[in-house]
1. Can you quote the Å³ per residue value for the convex hull of the Cα atoms in the stretch 126-172, rounded to an integer?
2. Taking 0.36 nm per residue of sequence separation and subtracting the Cα-Cα distance, how much length would be gained by fully extending the chain between Arg78 and Ser281, in nm to one decimal?
3. Determine the relative contact order of the chain: mean sequence separation of Cα pairs under 8 Å and six or more apart, normalised by residue count, in whole percent.
4. Using θ = phi - 60° and the Karplus curve 6.51 cos²θ - 1.76 cosθ + 1.60, what whole-Hz ³J(HN,Hα) does each residue of the stretch 99-107 get, with Gly and Pro shown as x?
5. Expressed in nm², what is the orientationally averaged projection area of the convex hull enclosing the Cα positions of the stretch 147-284?
6. Quickly estimate the mean residue ellipticity at 222 nm for the chain, helices only: each DSSP H run with n ≥ 4 gives -39500 (n - 2.57), and the total goes over all residues, rounded to 500.
7. Under 5 Å between amide hydrogens, which residues at least 5 positions from Leu219 or on another chain qualify, with H placed 1.01 Å from N in the peptide plane?
8. Looking at the P(r) of the chain, how many percent of alpha-carbon pairs lie beyond 28 Å?
Amino acid sequence: MSPMSLTRRSFLALSAALPWALKASAASASAPVPVGLELYSVRDQLKKDPEGTVRAVAQMGYQCVEFYAPYFEWSEGRTKQMRKLLDDLGVRCYSTHNDEKYFSAENINRARDLNLILGTKYMVQAYSEPKANLDGWKAVADKLNSAADTLEPSGLKPGYHNHDAEWKPVNGVRPMEVLAKNTKPSVMLQLDVGTCIEGGSDPAAWIRANPARVHSLHLKDWSSDPAKGYKVLFGEGDAKWKDIFDASESVGGVEYYLIEQEGSRYGELETARRCLQAYRSTRA
């Protein structure tokens, strides 16, 4: 970017991110970013044996987990049991993945209460149906802002998790641009790396364009080889992980990483183990 091309908006965004970037640089020198597993990666095992699966994931060395939509059906007692297990294992749950309907007026308080028991910081909207126009995406942003107002007194924050549709232009504008521009800074933009790449965008460039908004990432790789797609393990696809990590930790505001797999040539637990091993090798 040349000095002449630095717009006022870009300057203000970079200025706002500078204090965080300085703190992040100091923090990253002493403490690496925790790495966890989005438990959708082991969904079949989780359905059969939730506690045993969480134990197995912890034994692999994962530092945190992200529960997904079925957690909403848990009773308060079962949620407390899961929290105790996490505490006993020394594993954190920084966020959950939620259906869009969990943010509705009739559901958000229950979701909030379960997340408070689990000790989370973020309630992430996992998906929204693709919209025919930009007004549809602005409506999604409005709902996220409303959720932010509801959750703020409890210390929780909403987030939004992208799929590939958010990167495909609608009337010349990427929906992710609409979501970023029209949501409060407290709304986390959780970046799914694989779907970002499949959607034709550059993950590192997106992170740098949205400083201090990308507090967590799904480290899901993707291959342009049609025979492989999302079935590749971490590090086997098209993602430029060094650039992504550099952007995340210098300006993105990353607080934790989450490995995610749609499935691979191995079983679920073996896939999770191999991905963590590959992640560690990449970060070494």
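Every number here is computed from the coordinates shown, using simple stated rules; none is lab data. Everything numeric here is computed off the predicted structure, so don't read it as measured data.
1. On the way: hull volume 3.3 nm³, N = 47.
Measuring per residue, one finds 69 Å³ for the Cα hull of the stretch 126-172.
2. 69.5 nm
3. Dividing the mean separation by the residue count of the chain yields 19 percent.
4. 5, 4, 5, 5, 8, 6, 4, 7, 10
5. Numbers: hull surface 36.9 nm².
It is 9.2 nm².
6. The helix contribution divided over the chain gives -13500 deg cm²/dmol.
7. Leu258, Ile259, Glu260
8. Beyond 28 Å sits 35 percent of the P(r) for the chain.
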